[in-house]
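The values are calculated or read from the model by the stated rules, or taken from the named source; none is laboratory data. Note that the structure is a prediction, hence the values are computed from the model and not measured. Cβ coordinates were reconstructed from backbone atoms using ideal geometry, including for glycine residues, and neighbour counts include every protein chain displayed.
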């Protein structure tokens, strides 16, 4: 049976979109690998009425609620490829028959790639963090590190300084320019030159940032901006235009979250420069509105 929409990605954007489409009594298949971007964080913060709840738990609750709608189908797995045009798309998932739909919604999110420094990956989402708005409050002030990894790292350090006493580890990146240095000084951010060799745990729960010089700097948490990559190549394979953003390359979309390819929509981290759970969910809702109305008005003119 041809679906009204296939949603690739069952995170906050994808499930929020599915909820809107299900309530419009549209037939929707959600393809999900079960590996949301925030799975490494034990708790989510900044989401109205759900502060401190696990992101995975929120998604499980959402899936259970969506399962009550008879027009919603879940397909567990990774979407390998897709083909077709508006009103006749097909998505291929290993071990399953192709799924056909009139519309596609891409919501597979981003992949975080951390600098190749021992100790970072194991602590990602715990004491190695990305978003101070999500995790800064729980640190409780004190010494905080920011690891320079991209052109916006000095700006990130200045923002994180609202949550503690910040040291910016230059780690082989270009030194901040005069304007950035002035701002860092006003924000009382200390600079630490030299390469970072590793990150280790201290007995008191802090991190020891090991330097090439042989010294070490103790911090309560270390913020780092990961290198972001679109998950999979389906957007590119289908010809969706991409655009550069401060967070890396994302799918270009209209205000209604339509991509450059008719019939394909995109939402969440894959299609916005910065996001969190609330923003990704809102993005999914906007995409669902646009997608649903494209179905509605296409039917009216057919």
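Brief remarks on what is shown
- In the stretch 162-177, the qualifying residues are those that are farther than 13 Å from residue 190 by Cα and within 25 Å of the chain's Cα centre (by Cα), and the one that is modelled with the lowest pLDDT is 173.
- Screening 154, 161 for residues that are assigned to a helix (DSSP H, G or I) and touching a helix residue (DSSP H, G or I) at 6+ places or on another chain (Cβ under 6 Å) leaves exactly one candidate, 154.
- Any hit, the stretch 124-137, residues being more than 22 Å from residue 43 (Cβ to Cβ) and either assigned to a loop (DSSP other than H, G, I, E, B) or out of contact with any helix residue (DSSP H, G or I) (no Cβ under 6 Å at 6 or more places or on another chain) (or both): no
- Any hit, the stretch 141-150, residues being assigned to a strand (DSSP E or B), assigned by TED's automatic domain parsing to the domain that holds residue 252 and surrounded by fewer than 18 Cβ atoms within 10 Å (Cβ to Cβ): no
- The number of residues in the stretch 261-301 being crowded, with 24+ Cβ neighbours inside 10 Å and on the phi > 0 side of the Ramachandran plot comes to 1.
- Residue that is under 27 Å from residue 55 (Cα atoms), at pLDDT 95 or above and under 14 Å from the mean Cα position of the chain (by Cα), where the choices are 252, 256, 267: 267
- Check on residue 199, in contact with a strand residue (DSSP E or B) (Cβ under 8 Å, 6 or more places away or on another chain) and either in a strand (DSSP E or B) or assigned by TED's automatic domain parsing to the domain that holds residue 106 (or both): yes
- Restricting 200, 175 to residues that are farther than 30 Å from residue 84 by Cα, loosely packed, with under 15 Cβ neighbours inside 10 Å and without any contact (Cβ under 8 Å) to a residue 60 or more places away in the chain narrows the list to 175.
- All positions within the stretch 85-106 that are under 22 Å from residue 293 (Cα atoms), surrounded by fewer than 19 Cβ atoms within 10 Å (Cβ to Cβ), touching a residue at least 12 places away in the same chain (Cβ under 8 Å) and touching a strand residue (DSSP E or B) at 6+ places or on another chain (Cβ under 9 Å): 86, 87, 88, 100
- Taking the conditions (1) within 30 Å of residue 7 (Cβ to Cβ); (2) not in a loop (DSSP other than H, G, I, E, B) in turn, residue 210 satisfies each one other than (1).
- Lone unmet requirement of (1) modelled with pLDDT of 95 or more; (2) touching a helix residue (DSSP H, G or I) at 6+ places or on another chain (Cβ under 8 Å) for residue 62: (1)
- Single unsatisfied condition, residue 225 versus (1) surrounded by fewer than 20 Cβ atoms within 10 Å (Cβ to Cβ); (2) touching a helix residue (DSSP H, G or I) at 6+ places or on another chain (Cβ under 7 Å); (3) farther than 19 Å from residue 18 by Cα: (1)
- Residue list for the stretch 94-115, restricted to those being assigned to a strand (DSSP E or B) and modelled with pLDDT of 95 or more: 99, 100, 101, 102, 103, 104, 105, 106
- Candidates 214, 164, 194 - the one that is in contact with a strand residue (DSSP E or B) (Cβ under 6 Å, 6 or more places away or on another chain) and surrounded by fewer than 16 Cβ atoms within 10 Å (Cβ to Cβ): 194
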